[in-house]
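A.B. asks: Structure in structure tokens, see below.
All of the numbers you see were taken from the coordinates with simple rules; none came from a lab. If you're wondering where the values come from, they're calculated on a predicted model, not measured in any experiment. Note: ideal-geometry Cβ built from the backbone for every residue, glycine included; neighbour counts use all protein chains shown.
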Amino acid sequence: MIQIQNTLISDDIFEVQFICDLCKCKGQCCVDGESGAPLSREEFAQVNEILPAIWNDLSPESQELINRQGIAYTDTDGELVTSIVNGEECVFTRFDDDGVCRCVIDSAFREGRITVQKPISCHLYPVRLHEYADFTAVNYHRWSVCQSALKLGREEGVPLYQFLREPLIRKFGEEWYREVCEAAVLLRKK
């Protein structure tokens with residue numbers, strides 16, 4: 001474990017090599033799982049605010065579920081998570097012509113139609129954050145649906161912290177990320 005500012009970072013973040021391979025996995029992390037994607041209260045409010053701008057991008061099943069239940073619910077762990085359609089995919093998913101699951105929020109953001117990014121828990125995946133009183137744990141979440149990402153990461157030699165540069169900076173800032181890069185150099189020298 002490495003401590004940087006108020007975070008405790010798992011060694012996996014430096015050691016695991018990873019690049020999402022959507023062509024192979026088809027975005028399965030947005031479909032499988034026991035509950036939806038974790039949301040902060042702030043993200044919940046932001047997504048509710050931009051909902052009209054992405055409404056027509058949602059599937060009819062997602063629209064119906066949101067009308068009935070809302071965009072999120074509290075799961076069995078007491079965590080606020082995105083609603084899921086038929087116990088499977090997140091309400092903010094859509095499938096392209098190749099059967100790849102895409103995030104409606106992320107697509108609209110990248111197209112410049114909204115200023116809200118997808119939830120940080122999604123942006124950071126396969127990293128999961130666990131908030132404690134004095135620090136945030138930054139951990140790698142192992143999941144079999146990411147086997148193709150591990151393979152591609154090894155082929156390209158890209159460590160997880162480099163693959164997740166943008167969301168890590170979004171969450172923790174440039175200075176924190178610079179310190180992560182410095183720690184990675186020191187770890188390689190050991």
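A.B. asks: Per 10 Å bin, what is the whole-percent P(r) computed from every C-alpha pair distance within the chain?
C.D. replies: All Cα pairs considered, the percentages come to 9, 34, 35, 19, 3, 0.
A.B. asks: Contour minus end-to-end for Arg178 and Glu156, with contour as 0.36 nm per residue of separation and end-to-end as the Cα-Cα distance?
C.D. replies: 5.7 nm is the gain from fully extending Arg178 to Glu156.
A.B. asks: Let me ask you something else. Residue-wise, which Karplus ³J(HN,Hα) couplings in Hz belong to the range 155-160, taking 6.51 cos²θ - 1.76 cosθ + 1.60, θ = phi - 60°, and x for glycine or proline?
C.D. replies: These are the phi-based 3J(HN,Hα) values: 4, 8, x, 10, x, 3 Hz.
A.B. asks: Among the GluC sites (Glu not before Pro) within the range 1-56, which fall in a DSSP loop and have no more than 16 other Cβ atoms within 10 Å of their own Cβ?
C.D. replies: Those satisfying the criteria are Glu34.
A.B. asks: How large is ³J(HN,Hα) for each residue in the range 102-112, as worked out from phi by the Karplus curve 6.51 cos²θ - 1.76 cosθ + 1.60 (θ = phi - 60°), to whole Hz, x for Gly and Pro?
C.D. replies: 10, 8, 4, 5, 4, 4, 5, 5, 5, 7, x
A.B. asks: While we're here: Go through Lys151/Lys190; Lys26/Lys189; Lys26/Lys118; Lys24/Lys118 and tell me which ones have a Cα-Cα distance over 27 Å in this structure.
C.D. replies: Distance filter (> 27 Å) returns Lys26/Lys189.
A.B. asks: Follow-up question, since we're still on this one. With r as the distance between the Cβ atoms of Phe95 and Asn67 and R0 = 22 Å, compute the FRET efficiency 1/(1 + (r/R0)^6) and round to 0.05.
C.D. replies: Plugging the Cβ-Cβ distance into 1/(1 + (r/R0)^6) gives 0.60.
A.B. asks: Amide H of Ala72 versus every other amide H placed in the peptide plane: which residues, excluding those fewer than 5 positions away on the same chain, fall under 5 Å?
C.D. replies: Here Ser83 satisfy the definition.
A.B. asks: Can you list which of the chymotrypsin sites (Phe, Trp or Tyr not before Pro) found in the range 59-164 are DSSP loop residues with at most 10 other C-beta atoms within 10 Å?
C.D. replies: Tyr132
A.B. asks: Apply the Karplus parameterisation 6.51 cos²θ - 1.76 cosθ + 1.60, with θ equal to phi minus 60°, to every residue of the range 94-101 and state each ³J(HN,Hα) to the nearest whole Hz, in sequence, with x for glycine and proline.
C.D. replies: 3J(HN,Hα) across the range 94-101, in whole Hz: 8, 9, 7, 4, 8, x, 8, 6.
A.B. asks: Considering the dipole of the chain built from charges on the beta carbon (Lys and Arg +1, Asp and Glu -1) around the Cα centre, which of Leu39, Val104, Val145 is farthest to its positive end?
C.D. replies: Val145
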